[in-house]
Amino acid sequence: MQRRNFLCDAFSSETNIEPYGSGQACKLHLIPGRFLLQFSPESLIYGFAEEEFMKKQIRELFPEIAQIKDEKLRQQVVSTWEEAIREGGWQIDDLQTIPFTLLIPDCRIDLITHTRGVTQTAIQVAGVLIDSYGDRVKIDSDVLIAGAILHDVGKVAEYVREGDKVVKSKSGKLLRHPFSGSALAYKHGLSQEVIHMIATHAKEGDGGHRTTEAMIVHYADFINFESLGGKV
Ligand SMILES: [Fe+2]
């Protein structure tokens, strides 16, 4: 029987696992430490463990998620990325091989590096504005960070691997990433403020209203794009 291994950290001697749909809680008794758990594909626990494992990996790929104060918002950000990866037919390891743009020839910057660069730029810009202008500037840092981490989540639907190349997918030609990303974020219950940032961060938002958080992420995105040679 084919089995999959999961490396798990146990922080207490008792760990509860409730497989989805089973209605039964399993209690594992573990000595704190690092364990290799084995599950068969038929096991309900397998599905649960795989999903939880991917969520943990997403949080590790984007350490900035930990800077979001609201745990529910953190979970929504993680679940949006998780569905985008699954629906796009990617594996989590692919994220560090997908170029962040197809507009820069031979671009060697991956989607994770770009997303983190934009998020950190946005956080720094917000800090400067608050230090300089105090209460005159209203910035919701949770909204800012969530919107920055999700601004390009739709790119995993916009792109597809073809041989050894990453190219535009059929759906990417019809719905650019601000549209597919907004739809995914809506499905996972993100606020209108966060969806607005995804929807307006690129050229689709030009000429219309952008909130302060959306404006910061828009410019942070283009600073990170154009400084690498990107041209719209
Ligand atoms: Fe971007």
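Observations on the model:
- Residue ID - surrounded by the fewest Cβ atoms within 10 Å (Cβ to Cβ), chosen from residues in region 92-115 that are more than 14 Å from Arg161 (Cβ to Cβ) and under 14 Å from the mean Cα position of the chain (by Cα): Thr113
- Residues of region 106-139 satisfying the condition of being β-branched (Val, Ile, Thr) and touching a residue at least 40 places away in the same chain (Cβ under 8 Å): Ile109, Ile112, Thr115, Val118, Thr119, Thr121, Ile123, Val125, Val137, Ile139
- Just one of the numbered conditions (1) touching a helix residue (DSSP H, G or I) at 6+ places or on another chain (Cβ under 7 Å); (2) at pLDDT 95 or above; (3) within 30 Å of Lys170 (Cβ to Cβ) is not true of Gln76: (1).
- Those residues of region 179-195 which are surrounded by fewer than 23 Cβ atoms within 10 Å (Cβ to Cβ) and free of Cβ contacts under 8 Å to residues at least 40 places away in the same chain, in sequence order: Phe179, Ala183, Tyr186, Gln192, Ile195
- Test: residue in region 140-154 that is surrounded by 18 or more Cβ atoms within 10 Å (Cβ to Cβ) and touching a Gly at 6+ places or on another chain (Cβ under 6 Å): yes
- Qualifying residue in region 72-82 (condition: over 13 Å from the mean Cα position of the chain (by Cα) and under 21 Å from Asp140 (Cα atoms)): yes
- Residue match in region 122-136 (condition: under 14 Å from the mean Cα position of the chain (by Cα), within 15 Å of the ligand (Cβ to nearest atom) and of a type outside the set (Ser, Thr, Tyr)): no
- Cβ-Cβ distances below 9 Å connect the following pairs, each with a first residue in region 215-226 that is more than 9 Å from the ligand (Cβ to nearest atom), a second residue that is hydroxyl-bearing (Ser, Thr, Tyr) and at pLDDT 95 or above, and a separation of six or more residues or different chains: Met215/Thr200; Ile216/Thr121; His218/Thr200; Tyr219/Thr121; Ile223/Thr121.
- Candidate set from region 198-213 (those that are within 13 Å of the ligand (Cβ to nearest atom), closer than 16 Å to Val153 by Cα and crowded, with 16+ Cβ neighbours inside 10 Å); member that is nearest to the chain's Cα centre (by Cα): Ile198
The values are calculated or read from the model by the stated rules, or taken from the named source; none is laboratory data. Keep in mind that this is a model prediction, so the values were computed, not measured. Don't worry about glycine lacking a Cβ; one is built from the backbone with ideal geometry, like all the others, and counts go over all protein chains shown.
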